[in-house]
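Here the structure comes first, spelled out in structure tokens, and everything after it is commentary.
The values are calculated or read from the model by the stated rules, or taken from the named source; none is laboratory data. Keep in mind it's a predicted model, so treat the numbers as computed, not measured. Cβ coordinates were reconstructed from backbone atoms using ideal geometry, including for glycine residues, and neighbour counts include every protein chain displayed. These accessible areas exclude ligands, DNA and RNA; they are computed on the full protein's heavy atoms, side chains included. Shrake-Rupley method; radii C 1.70, N 1.55, O 1.52, S 1.80 Å.
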Amino acid sequence: MRYVLNRLGFFVLSLWAAITINFILPRLMPGDPADIMFAKFKGQLDPAAMAAMKKAFGLTDKPVIVQYFEYLRGLFIGNWGLSFSNYPTPVMDIIKHSVPWTIGLVGVATVLAVIIGTSAGIYISWKRQGILDNTLPLLTMGIQSLPYFWVALLFLFVFGFKLNWFPMAHGYDTSVTAGFNWPFFSSMLYHAFLPGITILLGSLSGWLVGMRNNMINTLGEDYVVFAEAKGVSTSRLMFTYAARNAILPQLTSFAIAIGNVVSGSILTEQVFSYPGIGGQLTNGVLQEDFPLIQSSFLLIAVSVLVANFIVDMLYSRLDPRVRTGGAANES
Amino acid sequence: MKVKRGLTLFLALVFALSVFLVGCGSKTTETKTDTGSTKTNTGGGNSSTAATGQPLNIVATIGGNWQDNFNPFSTSAMGGTNGLIYQPMYYLDTVSTNEYPFLATKYEWINDNKTLEVTLRDGVKWSDGQPFTADDVMFTFNLLKKYPAADTSGIMKEVTSFEKKSDNVIDFNFSQPNVPFGVYILQQPIVPQHIWKDLGDPSKAKVTNPVGTGPYMLDSFTPQDYKLKKNPKYYDADSYAVPELNYPAYDSNESAQLALVKGDIDWTGMFIPNVDKVYVDQDKDHNHYWFPPSNPVMLYPNLKNPILKDINVRKAISMAIDRNKISQQAEDGYAQVANPTGMLPQFKDFIDPKYKDAKFTVDDAGAIKLLQDAGYKKGSDGIFVSPTGKKLSFTLQVVSGWSDWVTSCMVITQDLKKIGIQVKVQQPQYGAYMTTIQGDKYDLAIGWTNGGPTPYKTFQDLLNSHGAWNIEKYSDPATDAALAEYQSTTDPAKQKEAMSKIEDVMVNQLPAIPLFYGPVWFEYSSKKYTGFPDQSNTYSHPSPYSWPAPAVVLSKLKPVSN
């Protein structure tokens with residue numbers, strides 16, 4: 001229990017720090033966003049209009065501490081400000097429309113990469129020096145070493161443009177009606193295939209090689225050898241004895257990967273014109289849309305923190321030593 | 001075993017959660033029908049206007065998901081809002097210099113050119129069936145007066161009052177004649193009073209069900225695609241053959257370019273390197289492009305800088321720059337080299353006969369001689385030093401990532417180095433670039449000029465001491481007077497006379513150094529429709545992004561019979 005409270009306290013503290021840094025950083029940047037907007041009008045705007053715009057953007061002359069509490073309050077009631085580049089659309093709307101696509105695409109691709117990579121890692125470690133063990137790690141590492149947006153462009157060109165097997169853009173076909181129906185769902189999967197496979201291939205090797213090496217280490221441990229000698233069944237030996245311990249480092253990586261879902265696919269989404277947050281964030285940065293940038297970064301920070309918290313909790317279930325600070329004799 | 005189950009459960013949960021969230025997302029992107037009772041028709045098979053042709057796929061801008069906003073006062077409204085859905089009274093084209101009447105049929109300067117009198121068209125209806133009246137126009141301009149944030153053209157700075165003279169005539173009164181300013185009044189999109197009276201501040205309103213007078217209306221909207229369909233109540237509906245306009249969202253030039261080459265896009269305006277090979281050669285019969293010049297790109301010297309204030313230095317810089325090399329290396333040969341007056345080819349009637357054949361030529365020896373005669377001496381490092389002992393070493397500002405201009409800057413740097421002027425290119429972000437050049441904290445900068453339906457706008461902004469784009473800080477009472485002369489008259493002969501004074505300033509004073517004309521990007525396929533503007537038929541600004549020009553182009557399109 002103390003461990004849980006401890007972790008929870010750390011979570012809240014780091015969340016507060018992330019939120020606060022997010023508040024301070026844009027205010028340290030040179031140039032006022034209203035000036036940038038003003039510049040866009042190339043001098044046709046009255047100074048009165050500029051004052052009105054500053055007000056609309058929430059750029060007030062109030063004391064910083066007041067602004068800070070208004071910002072905190074806005075965060076909690078879902079008022080994340082209005083986007084500058086898509087003024088007057090609330091940032092919340094942009095995020096609401098794009099984040100689910102990213103979580104769907106990158107989230108599923110990441111989870112698949114973990115499942116496939118980890119199981120394949122277990123398998124090839126068991127069949128060590130087999131044909132798969134000799135080829136798979138090399139092959140996946142080869143793909144991973146290519147820049148992922150380059151792979152995305154290559155796939156787009158070959159499978160979308162030349163062979164015409166897959167659509168080249170968008171999250172689903174514009175002729176189907178979005179909703180809970182099979183034509184939409186199949187169209188969505190069809191459109192997600194190319195960007196999904198790019199992300200999957202780009203991250204598979206880490207999971208595969210990581211798990212394989214952990215397994216090989218664990219399988220060499222005395223207790224595994226002893227269990228094997230005692231005649232423990234193969235599957236039990238593999239999963240309960242070896243994999244349970246070998247999977248711990250994978251879990252840590254998984255937390256980081258889940259945390260990076262929101263930010264990890266920016267270029268892939270751009271290449272495939274996928275309606276996720278990645279493309280929005282790129283545009284936000286290009287157009288200096290501070291509320292959008294700020295909210296996206298906050299989202300990324302929060303997802304990393306939440307994922308870490310969940311894995312911390314999970315870790316304590318899997319490995320009792322973390323709860324007790326190394327005193328191994330509790331359980 | 002327990003652990004394994006726990007892990008599987010966790011992974012299953014994550015998976016289920018993602019699927020669920022995707023489901024949520026899809027709900028928010030549900031297709032919407034508009035105010036009318038007609039159902040969305042995506043098949044294009046049996047709608048009332050389908051007999052006239054197929055839908056047109058248009059990519060006007062590239063950049064992320066669409067945001068559901070069709071507010072003509074908003075600078076980030078969806079393309080088509082201005083021109084296709086809401087209409088201005090007139091459209092004055094910047095490429096063809098033609099004038100196209102929309103909600104008005106006539107405009108006239110009266111009262112010593114201090115009043116703009118506009119006569120409105122009869123029999124116009126809003127797309128919801130309500131009649132369009134002069135009160136709607138009065139209401140729209142009253143909105144601008146009440147909410148300055150919506151008045152992005154600064155109309156109320158110039159217009160002192162406006163009044164309804166009769167049921168279809170409105171007068172706009174100026175404190176002093178300003179004929180070229182009329183374009184902002186004439187091109188202001190007009191909104192319906194019966195709907196907008198309840199919307200409050202127009203700069204903050206989000207409009208998802210637009211009701212306009214234009215030839216098209218919103219059919220359906222999703223963040224990755226929106227469709228416009230023909231407005232059956234439009235007063236000139238017969239002129240529009242295209243029944244449906246489809247605007248898919250693209251995130252990157254790469255994917256849009258591939259889609260264009262594949263034939264998924266019929267009309268777009270984007271930069272494509274080597275367009276003949278990449279696009280035209282794929283389907284020579286149907287794939288076309290036309291890149292007419294739209295606005296002069298300049299090398300701006302900061303005239304507050306004591307060395308750049310010396311006309312000899314500016315002349316030497318101009319003489320050393322190889323503009324043909326810039327056009328070929330940086331602009332793929334698409335950009336035409338500028339005339340020394342900076343006057344666009346479409347305004348050739350304004351060019352003083354003595355400058356008709358004027359051309360920039362590279363003359364390194366002449367540039368060096370000019371500097372030496374003015375008292376500059378080369379230092380041991382080959383860089384000139386001014387009589388006051390300052391090195392001719394300048395920074396050159398360009399927006400980072402605007403690759404064609406960055407390349408232009410590299411060419412300029414090399415050219416100037418040859419004659420003994422040192423240039424260091426700086427590439428700040430757009431916002432920082434704007435702050436730097438507007439706050440005259442720069443030496444040299446490459447930048448655009450503003451375009452307009454006549455040459456006035458470009459030079460008023462560039463050269464007037466209070467000009468909106470006078471970033472070089474030029475100030476000359478005679479120039480201001482010439483510009484005032486131009487704006488006070490409707491007589492073309494007097495306007496030309498005033499303009500030739502401006503041309504003298506441009507050629508002899510070099511307040512800004514013309515480089516080349518920035519091209520309009522425009523590619524189209526004639527597979528479904530013909531009648532797009534091209535070099536032999538330059539009736540309108542051709543790109544699909546320069547609103548409201550597409551309303552003109554669409555009215556000229558004819559379906560290909562098959």
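Screening the candidates B:Ile307, B:Ile317 for the property of being open to solvent by 10 Å² or more (accessible area, probe 1.4 Å), in contact (Cβ under 8 Å) with a residue 40 or more places away in the chain and over 22 Å from B:Val59 (Cα atoms) yields one hit, B:Ile307. Residue count for the range B:246-256 under the criterion of being within 21 Å of the chain's Cα centre (by Cα) and not in a loop (DSSP other than H, G, I, E, B): the result is 4. Scanning the range B:409-449 for residues that are closer than 21 Å to B:Pro296 by Cβ and under 21 Å from the mean Cα position of the chain (by Cα) yields B:Tyr430, B:Tyr433, B:Met434, B:Ile437, B:Gln438, B:Ala445, B:Ile446, B:Gly447, B:Trp448, B:Thr449.
Tally the residues that are over 18 Å from the mean Cα position of the chain (by Cα) and more than 30 Å from B:Pro248 (Cβ to Cβ), restricting the search to the range B:493-535. Counting residues in the range B:493-535 that are over 18 Å from the mean Cα position of the chain (by Cα) and more than 30 Å from B:Pro248 (Cβ to Cβ) gives 23.
So that you can scan it fast, the table gives a plain yes or no per residue for (1) open to solvent by 10 Å² or more (accessible area, probe 1.4 Å); (2) in contact (Cβ under 8 Å) with a residue 12 or more places away in the chain; (3) not in a strand (DSSP E or B):
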{"residue": "B:Ile170", "(1), (2), (3)": "no, yes, no"}
{"residue": "B:Val183", "(1), (2), (3)": "yes, yes, yes"}
{"residue": "B:Ile190", "(1), (2), (3)": "no, yes, yes"}
{"residue": "B:Leu199", "(1), (2), (3)": "yes, no, yes"}
{"residue": "B:Gly212", "(1), (2), (3)": "no, yes, yes"}
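With respect to the conditions (1) closer than 13 Å to B:Tyr300 by Cβ; (2) crowded, with 21+ Cβ neighbours inside 10 Å, B:Leu483 falls short on a single one, namely (1).
Return only the number of the condition from (1) at pLDDT below 90; (2) in contact with a Ser or Thr (Cβ under 9 Å, 6 or more places away or on another chain) that B:Gly401 does not satisfy. With respect to (1) at pLDDT below 90; (2) in contact with a Ser or Thr (Cβ under 9 Å, 6 or more places away or on another chain), B:Gly401 is out only on (2).
Applying the selection to the range A:219-237, what residues are open to solvent by less than 20 Å² (accessible area, probe 1.4 Å) and out of contact with any Asp or Glu (no Cβ under 8 Å at 6 or more places or on another chain)?
A:Val224, A:Ala227, listed by residue number.
Can you tell me which residue is most open to solvent (accessible area, probe 1.4 Å) among those in the range B:145-156 that are free of Cβ contacts under 8 Å to residues at least 40 places away in the same chain and part of a helix (DSSP H, G or I)? Checked the range B:145-156; the qualifying residue most open to solvent (accessible area, probe 1.4 Å) is B:Lys146. Against the test of being touching a helix residue (DSSP H, G or I) at 6+ places or on another chain (Cβ under 8 Å) and open to solvent by 10 Å² or more (accessible area, probe 1.4 Å), the options B:Asn142, B:Asn82, B:Asn113, B:Asn57 yield a single qualifying residue, B:Asn113.
Looking only at the range A:107-124, residues that are open to solvent by less than 10 Å² (accessible area, probe 1.4 Å) and either within 9 Å of chain B (Cβ to nearest Cβ) or more than 18 Å from the chain's Cα centre (by Cα) (or both) come to 4 in all.
Looking at (1) under 14 Å from the mean Cα position of the chain (by Cα); (2) part of a loop (DSSP other than H, G, I, E, B); (3) within 13 Å of chain B (Cβ to nearest Cβ); (4) not basic (Lys, Arg), can you tell me which one A:Ser263 breaks? With respect to (1) under 14 Å from the mean Cα position of the chain (by Cα); (2) part of a loop (DSSP other than H, G, I, E, B); (3) within 13 Å of chain B (Cβ to nearest Cβ); (4) not basic (Lys, Arg), A:Ser263 is out only on (3). Can we say A:Phe57 is within 11 Å of chain B (Cβ to nearest Cβ), at pLDDT below 85 and within 30 Å of B:Ser255 (Cβ to Cβ)? So A:Phe57 fails the test.
Rundown of residues vs (1) at pLDDT 85 or above; (2) more than 14 Å from chain B (Cβ to nearest Cβ); (3) not in a helix (DSSP H, G or I), yes/no style:
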site: A:Ser175; (1), (2), (3): no, no, yes
site: A:Phe184; (1), (2), (3): no, no, no
site: A:Leu189; (1), (2), (3): yes, no, no
site: A:Ala192; (1), (2), (3): yes, no, no
site: A:Met211; (1), (2), (3): yes, no, no
site: A:Phe239; (1), (2), (3): no, no, no
site: A:Phe254; (1), (2), (3): no, no, no
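Any chance the range B:532-539 includes a residue that's open to solvent by 40 Å² or more (accessible area, probe 1.4 Å), in contact (Cβ under 8 Å) with a residue 40 or more places away in the chain and assigned to a loop (DSSP other than H, G, I, E, B)? Checked against the condition, which is being open to solvent by 40 Å² or more (accessible area, probe 1.4 Å), in contact (Cβ under 8 Å) with a residue 40 or more places away in the chain and assigned to a loop (DSSP other than H, G, I, E, B), the range B:532-539 yields at least one hit.
Condition first: within 14 Å of chain B (Cβ to nearest Cβ), open to solvent by less than 10 Å² (accessible area, probe 1.4 Å) and at pLDDT below 85. Can you find one or more residues in the range A:282-291 that meet it? The answer is yes; a qualifying residue exists.
Does the range B:241-280 hold any residues that are small (Gly, Ala, Ser) and away from chain A (no Cβ under 13 Å), and which are they?
Those that are small (Gly, Ala, Ser) and away from chain A (no Cβ under 13 Å): B:Ala241, B:Gly269.
If you filter the range A:79-89 down to residues that are open to solvent by 20 Å² or more (accessible area, probe 1.4 Å) and in contact with a Pro (Cβ under 9 Å, 6 or more places away or on another chain), you find that the one that is nearest to the other protein chains (Cβ to nearest Cβ) is A:Leu82. Residues of the range B:355-379 that are at pLDDT 90 or above and over 23 Å from B:Asp322 (Cβ atoms): B:Gly375, B:Lys377. Does any residue of the range A:52-65 turn out to be surrounded by fewer than 18 Cβ atoms within 10 Å (Cβ to Cβ), touching a residue at least 40 places away in the same chain (Cβ under 8 Å) and assigned to a helix (DSSP H, G or I)? Within the range A:52-65, not a single residue is surrounded by fewer than 18 Cβ atoms within 10 Å (Cβ to Cβ), touching a residue at least 40 places away in the same chain (Cβ under 8 Å) and assigned to a helix (DSSP H, G or I).
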